[in-house]
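The block underneath contains the structure these notes are about, expressed in structure tokens.
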Amino acid sequence: MSNLNLREEFLNLLEKDKVFRHAVAGLIGYKELLDRLVKVEKRFRRYDKKFNAILEEIKKLREDASQLRQDMQEGFRRHDEELMYLRIAVTSLSKSVDELSVNIGSLGRRVGKDLERLILNIYRDQLMQIGIDKDKARRFEYIDKEGLYGTKGKKYEFDIIVSNGYADIIEVKNPISEEDIVTFHEKVNSIRPVIGYNIKRLIAVAVNMDAEAVDKAKELGIECIYGHVIRD
């Protein structure tokens, strides 16, 4: 079974089998979830190092090519074929870097979405207790192209559940800091006119949440579902 199929099967069990979901939550623990996040971050840092090294190689190759062109203009016309080969190599390497960048970005988005699904599955029962069916959530996205509500071109993304003309808006992140709570509150309220529904509740879901974030959420009227409070 491929890693992709295995992952889908695991998420499916978490979603449909309550006993399995609780067993997994108990076995992996909150620390293991954090360890996974750390491993993902380390993996991205390794990609960043490789990406930067490739960029440096491209920069050097382009500098070499520029110098070679100057030399050839001064009299070394016999090296035309070598210069053409070098240009092709630089172009090919540039395309490879572009593809790597796209793949890294795609990987980051997939990991982020999978983590959100995992967190929502773990806290599915708690969400149901406050009337939230996570299976009905849909992704709300808005790009402020004209800068009508803030920075021009800023993208707003939330999970939203609509019921009887009212909307519950969910922020899934781990961990959640006080700044994250403030940003969530400001982003939602700044684009209320384009959401299209009366906002019933703002809900923050995380495995770990800073104590300051919990206090700020209470102050701003944001409901929180979390597994562990981080204190200094």
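What tally of residues in the range 172-202 results from selecting those that are outside any loop (DSSP other than H, G, I, E, B) and of a type in the set (Gly, Ala, Ser)?
Keep residues of the range 172-202 that are outside any loop (DSSP other than H, G, I, E, B), which gives 172, 176, 178-190, 192-195, 198-202.
Add one more test, that the residue is of a type in the set (Gly, Ala, Ser), and what stays is 190.
Of the residues in the range 172-202, 1 are outside any loop (DSSP other than H, G, I, E, B) and of a type in the set (Gly, Ala, Ser).
Please list, ordered by first then second residue, the pairs with beta carbon atoms under 6 Å, 6 or more apart or interchain, first in the range 211-231 and within 18 Å of residue 170 (Cα to Cα), second at pLDDT below 95 and in a loop (DSSP other than H, G, I, E, B).
Matching pairs, first to second residue: 213/177; 225/123.
Among the numbered conditions (1) modelled with pLDDT under 60; (2) among the acidic types (Asp, Glu); (3) assigned by TED's automatic domain parsing to the domain that holds residue 225, tell me where residue 159 comes up short.
Only one criterion is unmet by residue 159, namely (1).
Can you name the condition, by its number, that residue 224 falls short on among (1) within 19 Å of residue 116 (Cα to Cα); (2) modelled with pLDDT of 90 or more; (3) crowded, with 20+ Cβ neighbours inside 10 Å?
(3)
How many residues, within the range 201-221, are under 23 Å from residue 142 (Cβ atoms) and surrounded by fewer than 16 Cβ atoms within 10 Å (Cβ to Cβ)?
Count: 2.
Suppose we filter 169, 122 for residues that are in contact (Cβ under 8 Å) with a residue 24 or more places away in the chain and within 19 Å of residue 229 (Cα to Cα); which single one remains?
Details: 169 fails: within 19 Å of residue 229 (Cα to Cα).
It is 122.
Is one or more of the residues making up the range 104-113 at pLDDT 60 or above and either in contact with a Pro (Cβ under 6 Å, 6 or more places away or on another chain) or outside the structural domain of residue 188 (by TED's automatic domain parsing) (or both)? Let's see the steps before the verdict.
Taking the range 104-113 first, the residues at pLDDT 60 or above are 113.
Retained after the next criterion (residues that are either in contact with a Pro (Cβ under 6 Å, 6 or more places away or on another chain) or outside the structural domain of residue 188 (by TED's automatic domain parsing) (or both)): 113.
Yes, the conditions are met somewhere in the range 104-113.
So residue 197 fits all but one of (1) at pLDDT 90 or above; (2) in contact with a Phe, Trp or Tyr (Cβ under 8 Å, 6 or more places away or on another chain); (3) not β-branched (Val, Ile, Thr); what number is the exception?
So residue 197 meets the others, but not (1).
For the range 115-171, enumerate the residues that are of a type in the set (Ser, Thr, Tyr), surrounded by 11 or more Cβ atoms within 10 Å (Cβ to Cβ) and assigned to a loop (DSSP other than H, G, I, E, B). So that I can check it myself, show each step before the final result.
Narrowing the range 115-171 to residues of a type in the set (Ser, Thr, Tyr): 123, 142, 149, 151, 156, 163, 166.
Next, only the ones that are surrounded by 11 or more Cβ atoms within 10 Å (Cβ to Cβ) stay: 123, 142, 149, 156, 163, 166.
Hits for the range 115-171 are 123, 149.
With the condition kept exactly as written, say whether any residue in the range 190-200 is within 28 Å of residue 11 (Cβ to Cβ), surrounded by 13 or more Cβ atoms within 10 Å (Cβ to Cβ) and among the aliphatic types (A, V, I, L, M).
Scanning the range 190-200 turns up no residue that is within 28 Å of residue 11 (Cβ to Cβ), surrounded by 13 or more Cβ atoms within 10 Å (Cβ to Cβ) and among the aliphatic types (A, V, I, L, M).
The values are calculated or read from the model by the stated rules, or taken from the named source; none is laboratory data. Keep in mind it's a predicted model, so treat the numbers as computed, not measured. So basically every Cβ, Gly included, is an ideal-geometry build from the backbone, and we count neighbours across all protein chains shown.
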